[in-house]
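Participant: One structure is given below, represented as structure tokens, and several questions about it will come after.
The values are calculated or read from the model by the stated rules, or taken from the named source; none is laboratory data. All of these numbers come straight from a predicted model, not from anything done at the bench. All Cβ positions, glycine included, derive from the backbone under ideal geometry; neighbour counts span all protein chains shown.
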Amino acid sequence: MLATLISGLASGETVAAMRRARTAAVVYVLAGLAAFCGLGFLVGAAYIWAAGRYGSMAVALGFGIGFLLIAGIILLVYQISAGTRARRRAQRRNADIKAIGIAAALAVLPTLLKGKSGLGAVLGPAIALAAYAIYRENVKPGPDDPDAGGTT
């Protein structure tokens, strides 16, 4: 892998890829600016057409209220979806922590098994965790238990 990276740097392929990426970014930015200008002219044309039909003051008020409503709807949707995004981040973080813990345990396992009390060092905590899980599953939640779901 390192040899491929070094040979890519030496051959100039990486520089060429960076140049292509920079060119693509410039093209997309210019296309985006042109699209925004086009949208601006379309809004202007709609305003001119509506002003000729309904009067400039009424259309200016209508366009202003319309754009404020659009902004409010966008912010409302963003706020509603923020909770979902936070839950997804928490789930992803928990999954990552579990994966790191499992990887660390698997990395240490051979070292623990080689020692004199290796099997006891592995089985002791595993049995304790299993016993605690069984205990938590069979205990009925009390009124002061935060996991009970009741309000205090």
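Participant: Checking Gly55 against (1) at positive phi; (2) exposed (fewer than 10 other Cβ atoms within 10 Å of the Cβ); (3) of a type outside the set (Val, Ile, Thr), which single condition isn't satisfied?
Facilitator: All conditions are met except number (2).
Participant: Thr23: in contact with a Gly (Cβ under 6 Å, 6 or more places away or on another chain), in a helix (DSSP H, G or I), of a type in the set (S, T, N, Q) and free of Cβ contacts under 8 Å to residues at least 60 places away in the same chain, yes or no?
Facilitator: no
Participant: Kindly indicate which of Gly62, Gly83 is at pLDDT 80 or above and loosely packed, with under 10 Cβ neighbours inside 10 Å.
Facilitator: Going through Gly62, Gly83 in turn, just one is at pLDDT 80 or above and loosely packed, with under 10 Cβ neighbours inside 10 Å: Gly83.
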